[in-house]
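Asker: Below is a structure I'd like to ask you about.
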Amino acid sequence: MGKDEIIKQTNEWFMRNAEPPQDALKPIEAGRLKGKSDINPQWRIQALTEQYGICGVGWAYEIKEKEYVDVPATGEKMVFITVHLFIRDWNYPDEYKWIGNAIGIGGDFVIKKETNGLRANDEGLAMALTDAIGKAAKVFGIANNVYRGKFETKYEKQSERAKKKDEANSDYATEKQCSMIYGLAKKGNINIDKITTRYEVSKVEEMSKEQASHCIGILQKQVGQKQ
């Protein structure tokens, strides 16, 4: 098999499980990733198995490092696991030739702070391990489109619709208006403080939609941009 054929085949392998099914996704409801989706770790293992064969035959991993980290501020403790992931080269079905190693680092709490105090998380190690395997599996295309931002899940669509609805019902300047004001001010080398002082607000985001629209019109004239 020539180089071009090999590259074509590996690209097909890479894209085979690029998009996880909707039932393998769960909405993240809090924190900095709110509105995004969490990919089910068991689906990633299933995808590796369907694509390359059972663990130990078609794919394999090796735990290279395990580290416990204290969180002094809260009394919590985390564990981080580093794995090396390998896939079987089925161009040689009679031999065990491996492609890899893909490195993945996963982490989770083994002691976690909750409302009633600290508690041990007996699933912490397992969760860190599956997290690490999933991170390494990205190298082989598992859930590739989610990580690239090309695959919009139903949860992300719902979050975006809710955001637009909130903006429509609010009298405050929209995110788009604020972005335009900052962009035009930068283009015209105009101090943002002068803008907020003029409209008697502490920051652009506190302007009303009407104020923001008026401001954008003035800034566009100042920088010579067509309205």
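The values are calculated or read from the model by the stated rules, or taken from the named source; none is laboratory data. Remember, predicted model here, so these are calculated numbers, not experimental data. Glycine also receives a Cβ, built like all others from the backbone with ideal geometry; neighbour counts cover every protein chain displayed.
Asker: Can you tell me how many residues within the range 124-140 are surrounded by fewer than 20 Cβ atoms within 10 Å (Cβ to Cβ) and more than 22 Å from E76 (Cβ to Cβ)?
Answerer: Qualifying residue count, the range 124-140: 2.
Asker: So how many residues does the range 53-91 have that are not in a strand (DSSP E or B) and not aliphatic (A, V, I, L, M)?
Answerer: In the first step, residues of the range 53-91 are kept if they are not in a strand (DSSP E or B); the result is 53-54, 56-58, 72-75, 89-91.
Then keep just the ones that are not aliphatic (A, V, I, L, M); that gives 53, 56, 58, 72, 74-75, 89-91.
Qualifying residue count for the region: 9.
Asker: In addition: Being of a type outside the set (D, E, K, R) and surrounded by fewer than 16 Cβ atoms within 10 Å (Cβ to Cβ) is the requirement here; does G104 meet it? Walk me through how you get there before you give the answer.
Answerer: Numbers: of a type outside the set (D, E, K, R): yes; surrounded by fewer than 16 Cβ atoms within 10 Å (Cβ to Cβ): no.
It is false that G104 is of a type outside the set (D, E, K, R) and surrounded by fewer than 16 Cβ atoms within 10 Å (Cβ to Cβ).
Asker: Any residue in the range 20-38 that is modelled with pLDDT of 75 or more and either more than 24 Å from the chain's Cα centre (by Cα) or of a type in the set (V, I, T) (or both)?
Answerer: no
Asker: So F80 fits all but one of (1) surrounded by 20 or more Cβ atoms within 10 Å (Cβ to Cβ); (2) of a type outside the set (S, T, N, Q); (3) under 23 Å from the mean Cα position of the chain (by Cα); what number is the exception?
Answerer: The single condition F80 does not satisfy is (1).
Asker: Kindly indicate which of T115, T74, T82 is in the same structural domain as L25 (by TED's automatic domain parsing) and either within 27 Å of P21 (Cα to Cα) or at pLDDT 95 or above (or both).
Answerer: Going through T115, T74, T82 in turn, just one is in the same structural domain as L25 (by TED's automatic domain parsing) and either within 27 Å of P21 (Cα to Cα) or at pLDDT 95 or above (or both): T82.
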